[in-house]
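Asks: Dumping the structure here so I can ask a few things about it.
Since every read-out is calculated from the coordinates, none of them should be taken as a lab result. A quick note: this is a predicted structure, and the numbers were derived from the prediction, not measured. Please note: Cβ atoms are built from the backbone with ideal geometry, for glycine as well, and neighbour counts cover all protein chains shown.
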Amino acid sequence: MHNIISNLVEIKKEIKSNNLLNDSKLNIIAVSKTFPIENILPLINYGHTNFGENKVQEAIEKWTNIKTDNSDLNLHMIGKLQTNKVKQAVKIFDYIHSLDSLKLAKKISEEQIKIKKDLKIFIQINIGGEFQKSGIRIDELPSFYKKCKDTFNLNIIGLMCIPPLNIDPSSSFKKMEKAARDLSLSNLSMGMSEDYLIALKYNANFIRIGSKIFGNRS
Ligand SMILES: *Cc1c(COP(=O)(O)O)cnc(C)c1O
């Protein structure tokens, strides 16, 4: 077996053996940023369907053809999205995990209408209140969510976060779980290579795993 595949299989086994599978279906997003499509193909051929990228241009170059040939693939935008890239992003991606402003919400809405596409969208929360990180402040979330739905008609399916580095993420994940519950949102995009087992304890159902599947990025 290709070692990228065995990495994924190991992760699934580990999650099962820790009894961390919730009722809601678990989606493992294989974060393939920086890796060429040749490194990703074994996983596609194995039948894995969820992949994450953080740059629009890179996603277009790597995924345009392969997505045409594999209609069951889901491509997830997990990085900062600039409004001038939205038109292309809406075309190539199926999910956006990084909605972080009303300006972006408006632009996504306009571009979706033009091509009659309805992406599944997560609102990114700046859960640690860090000045250098993107995301909506948690106290602004209720009004932001309402505007996204009522004014821009976006299909908001859940919340996403990247917790502060180098500290136990449990309290961040716990706040996220509560915020999603308060808005009756049933999806949480949280957990990366280092902390997905912790995220799963707080009901994450979209975990975003890069290096633990594909190896270290140079
Ligand atoms: C790169 C990235 C990941 C994956 O990170 P790993 O630590 O390699 O698993 C997850 N989420 C986001 C937003 C990323 O940019």
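Asks: Measuring from the lowest to the highest alpha carbon on each principal axis, how far does region 1-94 reach, largest first, in angstroms?
Replies: 44, 28, 23
Asks: If I model a spin label as a point 7 Å beyond the Cα along the Cα-Cβ vector, how far apart are those points for residue 17 and residue 140 in nm?
Replies: 4.4 nm
Asks: Pairs of alpha-carbon atoms within less than 8 angstrom and 6+ residues apart define the contacts here; what relative contact order does region 50-114 have, in percent?
Replies: So the answer I get is 33 percent.
Asks: Let me ask something else. Region 1-50: Rg/Rh from Cα coordinates, Kirkwood Rh?
Replies: Result for region 1-50 is an Rg/Rh of 1.00.
Asks: Among DSSP beta bridges whose residues both lie in the chain, state the antiparallel percentage, nearest 5.
Replies: So the antiparallel bridges amount to about 0 percent of the total.
Asks: Continuing with this model, one more query. P(r) for the chain: what percent of alpha-carbon pairs falls in each 10 Å bin, starting at zero?
Replies: Result returned by the calculation: 8, 35, 37, 18, 1.
Asks: Ok, one more. I need the phi-derived Karplus couplings for region 166-175: 6.51 cos²θ - 1.76 cosθ + 1.60, θ = phi - 60°, integer Hz, Gly and Pro marked x.
Replies: 6, 10, 4, x, 3, 5, 5, 5, 5, 4
Asks: Would you compute, from DSSP H runs of 4+ residues alone, the mean residue ellipticity of the chain at 222 nm, taking -39500 (n - 2.57) per run and dividing by the full residue count, rounded to the nearest 500?
Replies: After summing the helix terms and dividing by the residues of the chain, the value is -12500 deg cm²/dmol.
Asks: In percent, what relative contact order does the chain have, based on Cα pairs under 8 Å that are 6 or more apart in sequence?
Replies: 21 percent
Asks: Also, I was wondering about something else. Whole percent per 5 Å bin, from 0 to the bin with the longest distance: what is P(r) over all C-alpha pairs of region 87-179?
Replies: 3, 14, 25, 23, 15, 11, 6, 2, 0
Asks: What is the sum of charges, Lys and Arg at +1 and Asp and Glu at -1, for the other residues whose Cβ falls under 15 Å from the Cβ of residue 215?
Replies: 0
Asks: So, with +1 on the Cβ of K and R and -1 on the Cβ of D and E, and no other charges, what is the size of the charge dipole of region 140-218 about its Cα centre, to the nearest 20 debye?
Replies: 100 debye
Asks: Let me ask another. What's the local net charge at residue 105, with K and R +1, D and E -1, over the other residues with C-beta under 12 Å away?
Replies: Here the count lands on +2.
Asks: Among the trypsin sites (Lys or Arg not before Pro) in region 1-109, which ones are in a DSSP loop with at most 15 other Cβ atoms within 10 Å of the Cβ? Mind listing them?
Replies: 25, 80
Asks: Turning to a different aspect of this structure: Relative contact order, percent, of region 1-83 when contacts are C-alpha pairs under 8 Å separated by at least 6 residues?
Replies: Here the relative contact order equals 29 percent.
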